[in-house]
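Read-outs throughout are calculated quantities, based only on the coordinates presented, and are distinct from any laboratory measurement. Everything numeric here is computed off the predicted structure, so don't read it as measured data. Cβ: placed from backbone, ideal geometry, glycine included. Neighbour counts: every protein chain shown.
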Amino acid sequence: MMPRFAIHLALWTRDWADDIVPFARKAAEIGYDGVEVSLLGAAAGNPIEVGKAITDLGLAVTCTTGLSRSDDIASLDPAIRARGIEALKRGVKAAHGLGARHLSGVIYAPWGAFDGRNKRVRRDLAAEGLRAVAPLAEALDVRLGIEAINRFETDLVNTAAEAVSLAESVGSTHVGVLLDSFHMNIEEADPAAAIRATGRRLFHFHCADNDRGVPGGGKIDFSAQARALAAIGFDGWITAEMFVLPDVAVSPDLSIWRPIEADPDVAARDAFAFFRKTFA
Ligand code: LER
Ligand code: MN
């Protein structure tokens, strides 16, 4: 099987409350196989209805989410950890309601929170929290992808090796890794080698160039990454995850302070053409 191509709808959303179905329609018109939906947005409120509207367009759904500081499975405070586990379980149920079989992202700690001195103990608590969520993910057949992100966004999982180690500590068929070309460009000496080393634990792949714009528009060597994905037999989702607009809900979280691409519609089309050329 070949990898399938999705696009993260946060490319277009200006506010978390936005109706995402019109953006999914644009993705379907371009030819994507699926769309990625953030559970931080409104879709988590009525997943069955939104999931049906997207499925009716002929698209699959994948999901991403994150934890807040008051719902943190790696917290030293047991009450906050318990809330974090419940938040992730709600996320698994919402993803299942949307019809998704993948829920990935910064699912081990709040995004943008740092406590390096307690990294070891927090990492072990995150493993314990994910172990508590794994049986539900297995029962609902939702695969959890631990996303390695760069050092400016988390202190807990920056590299593929750290993500694999955390996934292996959890020890579930439904817990694996998400690698993201943008983050690997910062953290990995050799991103293609990181993909190969992740191997069968790689559940999901995010793709943007070094400026978070259209893959192929910057300096990342995607042909080396494509060869590595083929070498490990990757047949999961490759999601174009571009953040290109300043002054929208996600831009402060992602440090987007200027337009990265002038027109999201053009970026979506160009990313799809690049995927077909590079990964198909
Ligand atoms: C954040 O930088 C990112 O890559 C997202 O996929 C996190 O969920
Ligand atoms: Mn990502």
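Laid out as a table, the results:
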| read-out | value |
| --- | --- |
| Sum of -39500 (n - 2.57) over DSSP H runs of 4+, divided by residues of the chain (222 nm, nearest 500) | -13000 deg cm²/dmol |
| Binned Cα-Cα distance frequencies in segment 40-108 - 5 Å width, integer % | 4, 19, 25, 21, 14, 9, 5, 2, 1 |
| Amide proton proximity set for LEU144, modelled H, under 5 Å, gap of 5+ | LEU103, VAL175, GLY176 |
| Summed residue charge, Cβ within 12 Å of GLY45's Cβ, Lys/Arg positive, Asp/Glu negative | -1 |
| Max mean-square fluctuation residue, GNM over the chain, Cα-Cα springs under 10 Å, options GLY213, GLY31, GLY91 | GLY31 |
| Under Karplus coefficients 6.51, -1.76 and 1.60, residue-wise ³J(HN,Hα) of segment 132-141 in Hz, glycine/proline x | 6, 8, 4, x, 5, 4, 5, 5, 8, 6 |
| Spatial separation of Cα centroids for segment 156-202 and segment 80-130, in angstrom | 16 Å |
| Proximal lysines relative to LYS52, as straight alpha-carbon distance under 24 Å, when same-chain residues fewer than 8 apart are discounted | LYS26, LYS89, LYS93 |
| Mean Cα-pair separation over length for segment 4-278, i.e. relative contact order, pairs under 8 Å, 6 or more apart, % | 18 percent |
